[in-house]
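Read through the structure below, which is laid out as structure tokens, and then see the notes.
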Amino acid sequence: MASLEQKRGIKTHFNWELIPYSESARYIAVICDPKDVFVSNYFFAKAIGGGAIPSVETWYRMFVSENFLLGGIVGGERSRILGAAPPS
């Protein structure tokens with residue numbers, strides 16, 4: 001049986017505030033360009049939502065708001081960029 005102390009990786013879309021912190025862990029953040037995320041998100045939502053998706057301008061206002069999905073992509077990335085994450 002493998003040792004419980006071997007290295008493991010966890011992939012998540014959670015904001016830093018939602019990830020348990022450990023002094024002995026290493027954290028690597030991969031951040032996508034928000035413009036690419038917006039375009040991909042809009043076309044994905046349009047493909048699954050059909051005509052129920054608002055205009056690009058409305059979607060953008062929703063996308064940059066703090067209330068969009070899980071706290072908004074900009075809010076989540078802002079916490080990483082501005083250093084709200086624990087040091088690693």
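Rule-based calculations on the coordinates, nothing more; no lab input. Just so you know, these numbers come straight off a predicted model, no measurement behind them.
The stretch between SER24 and PHE44 holds 3.4 nm of extra length on full extension. This uses 0.36 nm per residue minus the Cα-Cα distance. Taken one residue at a time, the phi angles of segment 47-63 give Karplus couplings (6.51, -1.76, 1.60, θ = phi - 60°) of 5, 8, x, x, x, 7, 8, x, 4, 4, 4, 5, 4, 4, 4, 5, 4 Hz. Gly and Pro are set to x.
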